[in-house]
Each structure stands twice: as structure tokens, then as C-alpha cells.
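Q: Below are the C-alpha cells for one structure; questions will follow.
The values are calculated or read from the model by the stated rules, or taken from the named source; none is laboratory data. Values in this document were obtained by computation on a predicted structure and should not be read as measured data. Glycine gets a Cβ as well: all are built from the backbone with ideal geometry, and neighbour counts include every protein chain shown.
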Amino acid sequence: MHSQTNDVNTQADRRHHHRCSRSASLLAVAVVAVAVLSNAQVASAFATPKSHHRQLLVKGGLHHSPSACSHQSYFKGYRTHHLSTSSSGTRQTSSTRTASSLQARSPPPIDEEEFQRSLLEARIANDVKSTIVKEEKERIEVITKKIDQEKEELQDAVKEVKEAVREISQSAKSLGGAVIGTSTEVIEAAVDVSKSAINLGGALMIKAPRIFSRLFTLMATSETRNDILRRRKYYKSDWTDAFKKKRLVVPAVLFLYFACLAPAVSFGTISYEITNGSIGVVEFLLGSGVAGMLYSVLCGQPMAFLAPTGLTLAFISGLFRFCTLRDLPFFPVYAWVGLWTSAFMSILGLLGASKLIRYCTRFTDEVFNGMLSVNFLYEACSSLRRNFDNADPMNLTMPFVALSMALGTFYGTMNVVKFEATKFFNTKVRKNIRNFGPVSMIILFTLLNLTPWCQKFHVPTLLAPDTFQLAGGRSLLVALKDIPVKTRLLCAFPATLLTALFFMDQNITVRLINSPENKLKKGEAYNLDMLALGLITGVLSICGLPWMCGATVQSMNHVRAMAETKLNEETNRLEITGVTETRVTGFVIHAMLASSIMLLPLIKKIPVPVVSGVFLFLGRRLMTGNTFFQRITDGIAETNRLPDKHPIKLLGRKKMNAYTFTQVLCLAGLFGFKLLPAISLFFPAMIGVLMSIRAFVLPKFFSEEEFVALGDATPRQQAVI
């Protein structure tokens, strides 16, 4: 019985071992089957959700079973149990074991198909997990590469910035050296030109004094010779008197430098726009300086100043438009018009034609000076209006800040000039405040504009280049042969209009300077002044620099700056007691103007509204002493408060207002004619119309006694110049 039991156990063990061997074989076959699955099927399984995998398994006849790991551990435990049982079976007795106990100890049978399905599902899950991990790794690698690439780009950008900073530093050093070199070259060229001029002048004086003397004697009339003889005895004192009145000279030079600088820069900026960059700020500064220095040496009345004016600029603008329409080169035409004008003015000066200015009565003088005053006010207001028209929507505060600067400059300058009539401090202090006041206002508002508070408003400053350079990079001398001979001859026609403008402007300005109210003692020299202006016009034309003529505003300010004054208690106005007549102030001021081309970076710091404020001051200052504007206000004044010899008391309010209204109409027509671009070239002809109105129209409505009461006596009643 015992042997039979052992045989039964042995057979059971063999059957169980056979089943395990067959399960292992099936497991190996399943592994091989999974390995040989196609990539497309695996990829499809990976891209399918887990629930979908289960559906596919169900469709294929597979059911959910424990994981492969559980089956492997179960199979491993089963083998261990089988080995331990078989080894201990020989030591145990067969009597204590039965077939039922053997069956109870044996593990349950394993479903091979279910095991294969579980193994396949585990394989798919592992592959999905590995695929996800692989994708995450790839994404991390891509991000890492992008970070490395951006890091490299940032490093390259830093290198480029460093190289740019290095290049800018080198360029700045080169620019500084170029500026210094250019300045040195300009100075050397000026020295060479001066030496050449001195040598040439010396040679001419040595070799041909008799030729020039005889030529001048033949051409010059008695009036011109009398002008030269009259001023020759004062020529030395014109230079030495300035050193006796230093307290007047220094403030006058400083104030008038800015008073002459502002129009030069402002008109240069406007000219640059209307001439398409042909004539700009540098040309106006250089032309003003050269013309002023030459005039101080050659003229007969040194208290008069040459400067650019709005009327001259209007003529230049008209000539430029004419050349553009006719497709003519501007500078050759400009030079030949200037040379013809120079010749005409020199001939008028030699022939003593300035005596004809006596037919230009006070009626014409007042309207002409009123035109100059209104033109200054118009240019100032136009500049301020452009700030509002072209305002940045993101910076609408700037126009109001600019307007405040202009009005502040105007109001401050007017008050410091009037400070001399106050009771504060002593006479010397009040005069110094008056003389240095306008300069201090310009400096004050320029410094104010440099503060961080004003910088954020971006108030415009003067337009000027950084270095000395003529517009367009042209040479100093104009190519006179670039136009045919016929065109050169035709340039004489516009030259006659320019000659008429210069003749009137120069003589009216000088006659205002020589007015008895100014208490000048050295005498006039109208023809010598005209001759000097003619020669200077020729020099400016050859160099392509803007023309200059008598500047009424600057000239009258020059007289007032060099005048001794006292307060008239009856009229409560300052009256001139004497004037220091000198050539030094004019020469030094215009030398500083010519040197200002070296200070262009500093000039660019001056705000444009400050210049507009100076224009307002100059325009208002020119109204002072003009009886035309005084009669406008007196027309509505109380009669009892007017002086005894006032025209209203002598003629009546209606008669005086009729005369004044005629002047207002003439001023309006003159200014309107100047504003029309199509006919502005012929503007000088309107001055002749004013003289014709006074000579032929007004005598039909006013008697000679009425003209005398109005201070506008006819030429036959005036003293001959």
C-alpha cells in the first residue's frame, strides 16, 4: 500500500512538472509573439486610450486577469512549493498522506490564454509608459536647446553692444579731433586771407595811389567828398572814445550781441526752409559778422548796424522761387544779382544820390518803420503759433510752456530796460541792470530749459549744425560762369528792385540815427554809407552769403545802449543827453557773431521761444518814438491830458485820425503785399508807391500848415541833407 501511494505521488509530481514545463514553453512563445508584433500595431495601441485597449482585448477573446508580475510571482512560489514538497515527501510516511491532501496542497490550475493576455497587456502598458517618458525627454531636450540658443543670442547681443559702444567712443574721439582740426584750418585760412589782403592792399597802395585818387576824383561828386572830409577828422576818435566809456561799452556789446544773434539765427533757420537748404544759419552768422566788421571800418555813421531783415529775406525767397521755376542755378543768379546791385549802389553813393532821400517824408518813414516793427511781431507770433499747429498729441503741454517762455522773456526784458527810471538803488546800479538785463533774461530762460522739469516738455531749440559747414557742403566762392552771358545781363533787372530796397532801407535807418533827438555830434555821411554798403554787397554776393542792409531795430538799440539819459519830470520819460559815437562796439559785436560758428553746439541750447520773446521785445521797442503808433492811442485819449502842441489840439481829432487811418491802410497794404509769395519779389516797388501817395494824393486833402502840425512837412520846407 505504501509503495502504491509513492507511485501515485510520483505520477502526480510528474504530471505537475509536465504542466509547468508546458506553461514555461507557452510563456516563451508569448514573449516571442509580442516581440514580433508589427510597429504599426504597437503604435496604434500606444495612441489608443486604455479603455480602448481593453475593448480590443475583449474583441480578441481576452478577459481581464491579474498582472504579469502577479502570475510570475505565483508561478515562482508554486515551483518553490513543488520542490520543497518533493524533497520532503521521501521522509514522510505514506500512511499520513492521502490523495485528497495532495490535491489540497497542489496550486490551482493556470489558464494559459489568460496568462498570455495579461502578459500582453503589461507589455503594452510598459511600452506606453516608455513612450511617454521618451516624449518628455525629447521635449525637455528641445526646451534645453532653445534656452542654450537664446543664451548664445544674448551673449552675441552683449558683444554687439560692447562693440557699438567702442565704435561710438572712437567716433566721438575722431569727431572731436575733426572739430579741432576744422577750427584750426578755419583760423589758419582766415589768417592767410588776412595776410593776402594786407599784402594786396599794401601793393595797391604803393603801386597805384595816383590811379585810385584820380578815379575817385573823377567819379565822386562834391557830396561824397564832403562826407569823407567831414568824417575823416573824427575817424581816430571813433576808435578811442570807446575806452573812455567802458561802463557803457561792455554791457552794450553783450546785449547787442544777443540782439544781433537772435535775428541772424532765426532768419537763418527760416531761410534754410524756404531755400531748400541753400542758405542756412552758418551763412547768416558768417555774413552778418563779415558785413558788420567791414561796415564798422568803411562807413560814415558807425552807430548804424547792418543785419538781415525780413524784407531782404522776402526778396531772397522770391528770387529762389523764380530760379526754381525757370530751372536756373540759384547761386550763380544770386551772385550776379548781388554784383549788379553792388555796382548800382556804388554808383549812387559816388554820385551823391542819397540827397534824394529828402523826398521821403516822415509819412513814409513812419509807415516803413511800422512795417519793420509789425514784421518782428509777426515772425514771433508765427513761431509760437507753429508750436500749437504741430503739437504732439502726447505732449500738448509743450506749446503752453513755449508761450510762457516767450512772454516771460519779453516781459522780463521790458521791465529790466525800464528799471533805470525807477527809484531803487543808485544811478550806476540801475544803468547796469538796464544794460545787462536783456542778456540775463536770455541766459535765465536757457538755463531753465535745461532743468529736468523743462526737459520733459521737449521745448524746441535753435536749429544749427554741430560744426562749421556751408549748406550743401559747397565751396565759399560761387561759380560765376555757370550761367550764360545773356542770363548774367538779365540779372540787372531784379538788381534794380533790390537796389531800391537797400537805398530806402539804408537811408531811412541812417536818417533815424541822425535824428536831432539822439544828440549826435560828429555829423552824417549818407553817400559814404551807401558806397560802403555797395562794396560789402559785392563781397557777400561772390561768397554766396546773405545780403545785409541797414537794420533799424539793432541800430536804434545801439544808440540807446551808448546814450547818456536823464528823466524828464514833465513827461516822465527818459531823454538822451549825449551818445558815445564809436566804431569799437560794432566791430567787436560782429566779430563775436562771426566767431559764433565755433559755438554752434552752445547756440543750439537756446530755446526758440526765447528768441521769439526777443523778437517781441525788438518789435515793441521799435514802436517807441514812432509818432504813428502814438497817434493811434492818442486818437481815443482825453484832450485835456494831451500836450499843448499836440495835433489834436491844433487840427482837431477828426483831421488827425484821418491822417493816421491813411497810414494804417498803407501799412496793411504793404504788409499784405509782402506776404504774397507770387509778388514778394517786387515788394521794394511799394516803397515808391508810399512816396507817391504822400507827394500827390495827400496834398489834396491836407494843407501845408496841417502837414507841419503833424510833423510831416513837404520836402521844400525841410532842410537839405
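Q: Any residue that is assigned to a helix (DSSP H, G or I), in the same structural domain as Met441 (by TED's automatic domain parsing), under 30 Å from Glu564 (Cα atoms) and among the hydrophobic types (A, V, I, L, M, F, W, C) - is there at least one of those in the stretch 266-289?
A: Within the stretch 266-289, none of the residues are assigned to a helix (DSSP H, G or I), in the same structural domain as Met441 (by TED's automatic domain parsing), under 30 Å from Glu564 (Cα atoms) and among the hydrophobic types (A, V, I, L, M, F, W, C).
Q: Could you figure out which of (1) farther than 30 Å from Ala713 by Cα; (2) part of a helix (DSSP H, G or I) isn't true of Phe368?
A: In the conditions (1) farther than 30 Å from Ala713 by Cα; (2) part of a helix (DSSP H, G or I), Phe368 misses (1) alone.
Q: How many residues does the stretch 335-376 contain that are over 15 Å from Leu531 (Cβ atoms), under 40 Å from the mean Cα position of the chain (by Cα) and aromatic (Phe, Trp, Tyr)?
A: Here the count works out to 4.
Q: Here's another thing I want to ask about it. Does Ala314 satisfy the criteria of being under 18 Å from Phe503 (Cα atoms), outside any helix (DSSP H, G or I), touching a residue at least 60 places away in the same chain (Cβ under 8 Å) and under 34 Å from the mean Cα position of the chain (by Cα)?
A: No.
Q: Please tell me if Asn387 is of a type outside the set (Gly, Ala, Ser), over 20 Å from the mean Cα position of the chain (by Cα) and in a helix (DSSP H, G or I).
A: Judged against the criteria, Asn387 is not a match.
Q: A further question follows. So Asp644 clears everything in (1) closer than 30 Å to Gly292 by Cα; (2) charged (D, E, K, R); (3) at pLDDT below 80 except one condition, right? Which one?
A: Only one criterion is unmet by Asp644, namely (1).
Q: So if I check each of Gly586, Gly523, Gly544, which one is in contact with a helix residue (DSSP H, G or I) (Cβ under 7 Å, 6 or more places away or on another chain) and either of a type in the set (Asp, Glu) or over 26 Å from Lys244 (Cβ atoms) (or both)?
A: On the way: Gly586 fails: either of a type in the set (Asp, Glu) or over 26 Å from Lys244 (Cβ atoms) (or both); Gly523 fails: either of a type in the set (Asp, Glu) or over 26 Å from Lys244 (Cβ atoms) (or both).
Of the residues listed, the single one that is in contact with a helix residue (DSSP H, G or I) (Cβ under 7 Å, 6 or more places away or on another chain) and either of a type in the set (Asp, Glu) or over 26 Å from Lys244 (Cβ atoms) (or both) is Gly544.
Q: Among the residues of the stretch 404-428, what is the count of those that are within 21 Å of Lys566 (Cβ to Cβ) and of a type in the set (Phe, Trp, Tyr)?
A: Going through the stretch 404-428 one residue at a time, the tally reaches 3.
Q: Say whether the condition of being modelled with pLDDT of 85 or more, of a type outside the set (A, V, I, L, M), buried (at least 23 other Cβ atoms within 10 Å of the Cβ) and farther than 28 Å from Thr487 by Cβ is met by at least one residue in the stretch 303-313.
A: Checked the stretch 303-313: at least one residue is modelled with pLDDT of 85 or more, of a type outside the set (A, V, I, L, M), buried (at least 23 other Cβ atoms within 10 Å of the Cβ) and farther than 28 Å from Thr487 by Cβ.
Q: Does any residue of the stretch 628-635 turn out to be in a helix (DSSP H, G or I), touching a Gly at 6+ places or on another chain (Cβ under 8 Å), touching a residue at least 24 places away in the same chain (Cβ under 8 Å) and under 23 Å from Phe284 (Cα atoms)?
A: Within the stretch 628-635, not a single residue is in a helix (DSSP H, G or I), touching a Gly at 6+ places or on another chain (Cβ under 8 Å), touching a residue at least 24 places away in the same chain (Cβ under 8 Å) and under 23 Å from Phe284 (Cα atoms).
Q: Something else now. Give Gln630, Gln663 a once-over and let me know the one that is closer than 20 Å to Gly619 by Cβ, touching a helix residue (DSSP H, G or I) at 6+ places or on another chain (Cβ under 7 Å) and either among the aliphatic types (A, V, I, L, M) or outside the structural domain of Asn375 (by TED's automatic domain parsing) (or both).
A: On the way: Gln630 fails: touching a helix residue (DSSP H, G or I) at 6+ places or on another chain (Cβ under 7 Å).
Unique residue meeting the criteria: Gln663.
Q: A further question follows. Run Phe363 past the list (1) under 30 Å from Pro699 (Cα atoms); (2) aromatic (Phe, Trp, Tyr); (3) surrounded by fewer than 20 Cβ atoms within 10 Å (Cβ to Cβ) and report the number of the one that doesn't hold.
A: Unmet condition: (3).
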